[in-house]
């Protein structure tokens, strides 16, 4: 088979791949309800909510994040913060905040038992102290609008939900980092189809660490974090456990209501994603290889192909790129993404492929992952299937 024939076939496959996906992304661009657009709900009969926040060496962001939690306009709130073996100034910041507000309960964890990741253990232990009808699991770098929880709980009550997760607004510095975050987000959007989560008949699920609100009775019925004790993607898998057990869930767009500075630099982002990229492939090398080849052929090569080919293949590659950029810009616009940021897709996709491959190779080479100065064996990680 000559080069022209190969390019012709690849061009058809690329266009055939992106045309339906692009149309779907455009049609579903407003499929997630915007949290800010919701009513604030009734003036009474609010269920008690326990906010659980794990913190390990979070002195950079924890004060701003907790101050926003303390300012939440919600009538019945319990806040449990876990200082999980921090070695920086996190402990002193938390102590000062706990002394200022009696709603804040401070837990200290000095050691990590076998069979647990640090974060899942901290979440599990804190949840045991929950007095609320609902538990909101969030991170120590998330900033909330004062009405965020009230609006979210109003939605939960109106739709009789057992689990609600919210896609946060990214406030990372620089357009490249934000474009990289948006690229990661569009792939998650394509893979998990979060608009289907609200359908009780669908097996689709979602869970995001920034905002995982779950009914306490449901959380305890599924065994808490015990079943996902060694999952680096614990937030996602919590959503899966809820959905697989037949409970009702939904996903909202948290633009302007729930914000996070995910990472501050490209090296920091690479290091942060290293821990869970292979886990996202269920530790299956075959899936990593297929995903890498697919990304190279359908996401990156069309950009090159439209310059190095002629005739029909060139036209098809150009249409593929146009659909890719257009659907990206339109679908991610509700999340604050500018249309021109789609022009960075060759760079951002290439970097994500690099991170995926590097994470896989390093995990296999080391026989596990390092996360927050603790090593977890690949054998133990693989055994924690959900």
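The values are calculated or read from the model by the stated rules, or taken from the named source; none is laboratory data. What you see is a predicted model, and the numbers here were worked out from it, not measured in a lab. Note: ideal-geometry Cβ built from the backbone for every residue, glycine included; neighbour counts use all protein chains shown.
Return the pairs, sorted by first residue and then second, in which the second residue is not in a loop (DSSP other than H, G, I, E, B), the first residue lies in segment 257-277 and is under 15 Å from residue 353 (Cα atoms), the beta carbons are less than 6 Å apart, and the residues are 6+ apart or on different chains.
270/355; 273/355; 274/359; 275/369; 275/371; 277/355; 277/356; 277/359
If I filter segment 303-318 for residues that are assigned to a loop (DSSP other than H, G, I, E, B), outside the structural domain of residue 66 (by TED's automatic domain parsing), within 28 Å of residue 17 (Cα to Cα) and over 24 Å from the mean Cα position of the chain (by Cα), do I get at least one hit?
Yes, segment 303-318 has at least one match.
What's the number of the only condition in (1) touching a strand residue (DSSP E or B) at 6+ places or on another chain (Cβ under 7 Å); (2) at pLDDT below 95 that residue 57 fails to meet?
All conditions are met except number (1).
How about segment 58-150: which helices (runs of 4 or more DSSP H) wholly inside it have at least 1 residues that are within 21 Å of the chain's Cα centre (by Cα)?
62-70, 118-127
Scan segment 154-176 for residues that are more than 30 Å from residue 343 (Cα to Cα) and assigned to a loop (DSSP other than H, G, I, E, B) and jot them down.
Selection gives 160, 161, 162.
Given the criteria closer than 29 Å to residue 255 by Cβ, surrounded by 15 or more Cβ atoms within 10 Å (Cβ to Cβ) and free of Cβ contacts under 8 Å to residues at least 40 places away in the same chain, does residue 337 qualify?
no
Looking only at helices (runs of 4 or more DSSP H) that lie completely in segment 177-284, which have at least 2 residues being modelled with pLDDT of 95 or more and under 23 Å from residue 54 (Cα atoms)?
Fully inside segment 177-284 and qualifying: 216-221, 234-244.
Answer yes if at least one residue in segment 62-83 is assigned by TED's automatic domain parsing to the domain that holds residue 235, farther than 19 Å from residue 144 by Cα and buried (at least 19 other Cβ atoms within 10 Å of the Cβ), and no otherwise.
Scanning segment 62-83, I find at least one residue that is assigned by TED's automatic domain parsing to the domain that holds residue 235, farther than 19 Å from residue 144 by Cα and buried (at least 19 other Cβ atoms within 10 Å of the Cβ), so the answer is yes.
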